[in-house]
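Notes to accompany the following structure.
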Amino acid sequence: MSDEMLPIQRLDILRAACCVAGIDGDANEAQAAVLNRLAREVGVGKASLGAMIERAETDKTFHEEQFKVLEFEPKTTMATLLEVALADGELSASEADVLRILAGRLKIDSGMFEQLLDQVRP
């Protein structure tokens, strides 16, 4: 994540990353490793991160709360979210769907986003 981001922006990116990892109902070890690194960068403890992951795994609407207020660096944010989604070497349909929604909230052009997905799909 960019050093220029505010702590609240970093926290929102972490929450969104949890949504991407948990949308399939189970954030795997590879995704958890990336989330743990992001949490350390943000200063979020294990209990708080665990709560975010649990909510993302059990509440399929959690992603709808993300990026409603703050402005972000769209490319940096999307790169972080893609890193989480691809940590296990796969990009599931539900992960792609959540990424698509989050990209829209970040005002990333849908055509550009679809090209990006085509480039990163294993």
request  = Would you check if Glu4 is of a type outside the set (Gly, Ala, Ser) and not in a helix (DSSP H, G or I)?
outcome  = yes
query = If you check Ala27, Ala17, Ala56, which single one turns out to be surrounded by 18 or more Cβ atoms within 10 Å (Cβ to Cβ), assigned to a loop (DSSP other than H, G, I, E, B) and in contact (Cβ under 8 Å) with a residue 24 or more places away in the chain?
reply = Ala27
request  = Could you tell me which of the residues Glu95, Glu64 is within 20 Å of Gly22 (Cβ to Cβ), modelled with pLDDT of 90 or more and not β-branched (Val, Ile, Thr)?
outcome  = Glu95
request  = Only residues that are farther than 19 Å from Ala27 by Cβ, of a type in the set (Asp, Glu) and in contact with a helix residue (DSSP H, G or I) (Cβ under 9 Å, 6 or more places away or on another chain): list them for region 78-122, please.
outcome  = Asp109, Glu114
note = Given the conditions (1) buried (at least 19 other Cβ atoms within 10 Å of the Cβ); (2) in a loop (DSSP other than H, G, I, E, B); (3) at pLDDT 90 or above, every one holds for Phe72 apart from (3)
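The values are calculated or read from the model by the stated rules, or taken from the named source; none is laboratory data. These figures come from a predicted structure and were not determined experimentally. Backbone-built Cβ (ideal geometry, glycine too); neighbour counts: all protein chains shown.
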